[in-house]
Amino acid sequence: MRETKKNKLTYIGILLFCLPIIGTANPVDSNLTIFKKFVKDSISHLTIEADFDSLFNNKKLTAEQKAKLTITNPDGTTKELGIKIKTRGVYRRKYCEVPPLRLNFNDKDLDSMGLNNAFDKLKLVTHCVENENAEQVLLKEYWTYKLYNQVTPNSFRVHLVKIIYINTRNKAIQTERFGFLIENNNEMAHRLGGKLVDKYGLTPTQLEATSHQDAMLFNYMIGNLDWHIELKRNIKLVEIPNKKEITVVPYDFDMSAIVFPSYARLNPDYGQKDFTERFSVGRFSSKIALEETAQKFQGLKQDCLSTFNDCPYLTRRSKVNMKVYMNSFYRQLNKKKKIKKVFL
């Protein structure tokens, strides 16, 4: 990690503009988890102290490493927790200078804070590489998650934070960057009233239709080919009691054209010649199903799927690029014959 001097600017007030409240679903139970606490208390500042030299020099290893997490509350009070961290992600762990992390909280600490310890692990998405565009890429991926929250509750919730990384090898030099936390996998399934299942080779008839159709059209909209139902790639499957079909919840949107990371690569499976080219991953079961889903996305266009415009941390260029790419999708959606050819 390239290190810079500690930035002491206060980010709390303006950061709240990037955290819209999306009322898409009610929690299944009222137990407060560590993720819910971050959201509920608008916690936007974290400090992670660890031996990052060792962690990143051995980022392909799966072993956990001890770290100290300091939570800074909006009123300025702090809470220190002993946690364990590890690098994660298949592609990003190979490519990123600062790969994504998994934070493993101590159950006793969560108990002492009055938090449910059943969901004690959180994913942290980091800025990946040390260049000027890295945080814009991260913010665009964060907003892609937020956009899907607006489409459906069958989605992972996320929370934006500013993180100070302190390397225990040299505490005098610190790095401060954006990151975002992703809701625990099992917590997401619990919120939806079900549990995760690990099944490969599923066919569309075994999937809950609305969740599958939302996932197909959304991933097409953002230009994401990095997901697959049968291979269970970048999706979670939730089995809900009294429902025969499995609910689909996609995640990891970094390889989408709307995010366009520096490590973007063309997908040879689709004969992709330009990274912004869209291809359907899957087919709709009927003309009616496609028209109903398209109508749903049309209804979300004006008020919901453009809320990233209000985030002050996204540059004007990032907002314009996202808006242009979204508009190209809606132009296609208005051409009914073309969109039917793609998805039927």
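The values are calculated or read from the model by the stated rules, or taken from the named source; none is laboratory data. Here the structure is a predicted model, which is why all the values come from computation and not from measurement. With ideal geometry, Cβ positions are generated from the backbone for all residues, glycine too; neighbour counts draw on all protein chains shown.
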*Scan GLU132, GLU141 and give me the residue that is of a type in the set (Asp, Glu) and more than 26 Å from SER280 (Cα to Cα).*
GLU132
*State whether the residues of the range 136-149 include one that is farther than 24 Å from THR247 by Cβ, of a type in the set (A, V, I, L, M), surrounded by fewer than 18 Cβ atoms within 10 Å (Cβ to Cβ) and in contact with a helix residue (DSSP H, G or I) (Cβ under 8 Å, 6 or more places away or on another chain).*
no
_Flag for ILE258 being crowded, with 22+ Cβ neighbours inside 10 Å, in the same structural domain as ASN321 (by TED's automatic domain parsing), of a type outside the set (Ser, Thr, Tyr) and touching a Pro at 6+ places or on another chain (Cβ under 9 Å)_ = no
*asked:* Among (1) within 22 Å of TYR145 (Cβ to Cβ); (2) in contact with a Leu (Cβ under 6 Å, 6 or more places away or on another chain); (3) assigned to a loop (DSSP other than H, G, I, E, B); (4) not aliphatic (A, V, I, L, M), there is one condition ASP252 misses while meeting the rest; what is its number?
replied: (2)
*asked:* Cβ-Cβ under 6 Å, sequence separation 6+ or interchain: first residue in the range 249-276 and under 18 Å from ASN327 (Cα atoms) and touching a residue at least 12 places away in the same chain (Cβ under 8 Å), partner acidic (Asp, Glu) and surrounded by 13 or more Cβ atoms within 10 Å (Cβ to Cβ). Which pairs?
replied: VAL259/GLU141
_among the aliphatic types (A, V, I, L, M), in contact with a helix residue (DSSP H, G or I) (Cβ under 8 Å, 6 or more places away or on another chain), in the same structural domain as HIS127 (by TED's automatic domain parsing) and crowded, with 16+ Cβ neighbours inside 10 Å: is that true of ILE182 in this structure?_
yes
*May I ask you to list the residues in the range 296-328 that are at pLDDT 95 or above and basic (Lys, Arg)?*
LYS296, ARG316, ARG317, LYS319, LYS323
*Check on HIS212, surrounded by fewer than 17 Cβ atoms within 10 Å (Cβ to Cβ), closer than 25 Å to SER328 by Cβ and touching a residue at least 12 places away in the same chain (Cβ under 8 Å)*: no
*Does at least one position in the range 102-117 carry a residue that is at negative phi, hydrophobic (A, V, I, L, M, F, W, C), part of a helix (DSSP H, G or I) and touching a helix residue (DSSP H, G or I) at 6+ places or on another chain (Cβ under 7 Å)?*
yes
*Residues of the range 55-70 classified as under 15 Å from GLU97 (Cβ atoms) and polar (S, T, N, Q), total*: 2
*Here is a list of conditions, (1) under 25 Å from LYS323 (Cβ atoms); (2) touching a residue at least 40 places away in the same chain (Cβ under 8 Å), and VAL158 meets all of them except one; can you say which number that is?*
(2)
*Could you check, for the range 208-228, whether at least one of its residues is modelled with pLDDT of 95 or more, over 24 Å from HIS45 (Cα atoms), part of a helix (DSSP H, G or I) and aromatic (Phe, Trp, Tyr)?*
yes
*Just for the range 84-99: of the residues that are of a type in the set (A, V, I, L, M, F, W, C) and in contact (Cβ under 8 Å) with a residue 24 or more places away in the chain, which one is surrounded by the fewest Cβ atoms within 10 Å (Cβ to Cβ)?*
ILE85
*What are the residues in the range 314-327 that are surrounded by 13 or more Cβ atoms within 10 Å (Cβ to Cβ) and under 13 Å from GLN298 (Cα atoms), if any?*
MET326
